[in-house]
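Taken together, the values in this text are just the output of simple stated rules run on the coordinates, not laboratory data. It should be emphasised that the depicted structure is a prediction, and the values quoted were computed from it without experimental measurement. Quick reminder, even Gly has a Cβ in these numbers, built from the backbone with ideal geometry, and neighbours come from all protein chains shown.
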Amino acid sequence: MEYDWEHRVDTTAATVSARDRFIGLLNSPYQATDPELFKEMMAELPVRFEEFTFIDVGSGKGRTLLIAADYSFRRIVGIELLPALHCVAQQNIASYPRTAQIELICTDASSFQFPAEPLVIYLFNPLPRLSLVKMVTNLERSLLSSPRAAWIVYHNPLEQDVILQSGRFRKAAATDSYSVLVWE
């Protein structure tokens, strides 16, 4: 609530409708990222942010996108399945400074085609396991066809084995709260 009050946005789960909460239970419940933990995770990335596109898979109401706008990412993209959360993110971004480079896409992340650019991909358990497998398969296919740097920042990495199974991603950093994985 403090972040929302300070920035005059709506990013908490408090105003998520009962319908969207139910859909979230079938996919992944909505949770907003803690700004201080996000900063800690970004500090683990040994990259020049301005060379990377930041993609938040399961971007919800856009809090992580707003926080990422404080970094010098070349581009910021939010992928959200639920139209209601996508609309709130649009409103939040419209009212927030430094958001010109943010693009919002309302689609199923399991079929998202990743841009052929260096990537930082943020996950906060956005997908059920089967959908995560599809998304990671799409990502790996993209990285093999157009080689480039790629990092995954995975908050609460319950399904990180899906990412590690290919043998091309390895853990570069980890705590009890997150893992940072790099494509090799």
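Hey, which lysines would be in cross-link range of LYS39, C-alpha to C-alpha under 28 Å, not counting anything within fewer than 8 residues on its own chain?
LYS61, LYS171
Using a 7 Å offset from the Cα along the Cα-to-Cβ direction at both ALA84 and LYS39, what is the distance between the two label points in nm, to one decimal?
Placing both labels 7 Å beyond Cα along the Cβ direction yields 3.3 nm.
Report the full-extension gain for the segment ALA116 to LEU144: residue separation times 0.36 nm, less the Cα-Cα distance, to one decimal in nm. Numbers along the way, then the final one.
Numbers: separation 28, 0.36 × 28 = 10.08 nm, distance 1.04 nm.
Additional length available on full extension: 9.0 nm.
Please report the antiparallel percentage of the DSSP beta bridges confined to the range 113-184, to the nearest 5. Provide the component values of the computation, followed by the final result.
Values: 10 of 15 bridges.
Percentage antiparallel, nearest 5: 65.
If you average 1/r across every pair of different Cα atoms in the range 114-184 and take the reciprocal, what Kirkwood value do you get, in Å? Mind showing how you got there, number by number?
On the way: mean 1/r = 0.0826 Å⁻¹.
Hydrodynamic radius (Kirkwood, Cα pairs) of the range 114-184 is 12.1 Å.
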